[in-house]
Amino acid sequence: MRRREFIALLVGAATGPLFRPSAPHAQQPRRTPLLGVLMAGLEIAPDNQKRLAAFRQGLADLGWKDGDNIRIEYRWSSGKEELIRKYAEELVALAPNVILANSTPVIAEFKSLTSSIPVVFALAMDPVGLGHVQSLSHPGGNFTGFTFIDPELIGKWMELLRSMSPRITGAAVLFNPATTPAYAKWVPDIEVARAHGSIELAAMPAGTATEMEVNIKTLAQKPGKGLIIGPDPFNQVLIKQIAQLTGQYRLPAVSVYRPFVLEGGLMAYGPDTADVFRRSAVYVDRVLKGEKPADLPVQQPTKFEFVINLKTAKALDISVPPNLLALADEVIE
C-alpha cells in the first residue's frame, strides 16, 4: 500500500464511525408542574368558589393555565377529619411540585406527612404556636403562606357585640376542638387578660351538629349572651344551620364568614378570604420558579369586610348604632 493511501485510510478512520462523537441524547420532555390543592370545606359553598376563582385568576395573571403549563389536582374534605387525612395522603403520593393547603387541620395533616414537598397554606390559624413554622418572618422548613385570624380578632368580635347591643355581657366562641384546637388555648388566655368592664368570654366546644345545636340553645337561654363563630371547617360546613339557630333562639352573633349574614345571622367581620387566595397564587408561582418556602415570610390578611343584617337586628330588637352602619362594607336590608 502506498504511503499516501495509508495516511488517507488513517484519516478516514479517525473521522469515521469509530471516532465520531456520539449523537446528543434525545431531549426528554419537561414534566408539567403539578399543583395539589386540598380545601377544607364544601365545594359547592359560594365562598369557596369565590376563593378558588381568585386563586385561579392569580395564577393566570402570572402565566399559569391548568391543563396547559400546569396540572392542578383538587380535593375537598367537606370539613371531615377522615377525608382530610385521606386526601392529604393521596396528594402527597402524587409527589406534586407544590401543595396549596387550606385551613389549620389540613396544614397539620400535611405537616405529619411531608418535610420535603413545598406547602403554601391559605387561612392558617396560629402557625407558629402550633409548630407549623418557626416564625412568621423566617418560616424555615417547607411550609409558608397566609394566616386567617389571631387572638386580637376575637377581641374585635367582642367589641362589635358590645357595640351592637349594650345588653350583651358575655359571649361564647363556637368551635370543634378536633378540627381547630387553637381556640382551646386562645379563649382562656383572652379571658385572663380581659379588661375590666368588657364582656366575658367562654369556650363552647362542639364535636357534632347535634351538640352544637344543644349548646346554642342553652347559651340563648342565658340573658345577655352573644355567640362568636370563628374560622373552623366544622363551622364553615354548618354555617347555614348555625345562622338559622341564632335566629330561632334570638341570639346576637358575629361570624368570620360572610355567608352567615346572608343566611340570617346578625354580623360578619373578617379577612377578605378571596384576597388571601389571590395572594397565595403569588407564593405558589415563586415556589414553582425555584424559591424555597423557608425564605418566604408568612403573610397576614390586609383586607377586611364588615357586613350587617338589618332585618336580623330588627328581629332581635336591636337598633344598630350609626357608627357601626358607617363602618359596614355591606348592609343587608
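Values quoted throughout were computed directly from the atomic coordinates according to the rules given, and no laboratory measurement underlies them. As the structure is a prediction and not an experimental result, all values here were calculated from the model. Cβ placement follows ideal geometry from the backbone for every residue including glycine, while neighbour counts extend to all protein chains displayed.
General remarks:
- The alpha-carbon of K311 sits under 14 angstrom from the alpha-carbons of these aspartates and glutamates, leaving out residues fewer than 8 places away in its chain: E263, E330, E333.
- Given K65/K185; K86/K292; K65/K156; K185/K225, the pairs whose alpha carbons are separated by over 31 Å: K65/K185; K65/K156
- Placing pseudo-labels 7 Å out from each Cα toward the beta carbon at Q221 and K311 gives an inter-label distance of 3.0 nm.
- Correct option for Cα extents along the principal axes in Å [calculated from the coordinates] among (i) 83, 48, 32; (ii) 64, 52, 35; (iii) 119, 36, 34: (iii)
- Structural descriptor for the chain: relative contact order 19 percent, calculated from alpha carbon pairs under 8 angstrom and at least 6 residues apart.
- By the rule of a C-alpha distance below 13 Å, with chain neighbours fewer than 8 residues away ignored, the aspartates and glutamates paired with K303 are D272, D275, D329.
- Positive-end extreme of charge dipole, region 133-211 - chosen from N142, S163, W186 (charges on Cβ): S163
- Eligible aspartates and glutamates near K289 by straight Cα distance, threshold 17 Å, same-chain separation 8 or greater: D61, D66, D68
- Put the Cα centre of region 304-333 next to the Cα centre of region 60-129 and the gap is 36 Å.
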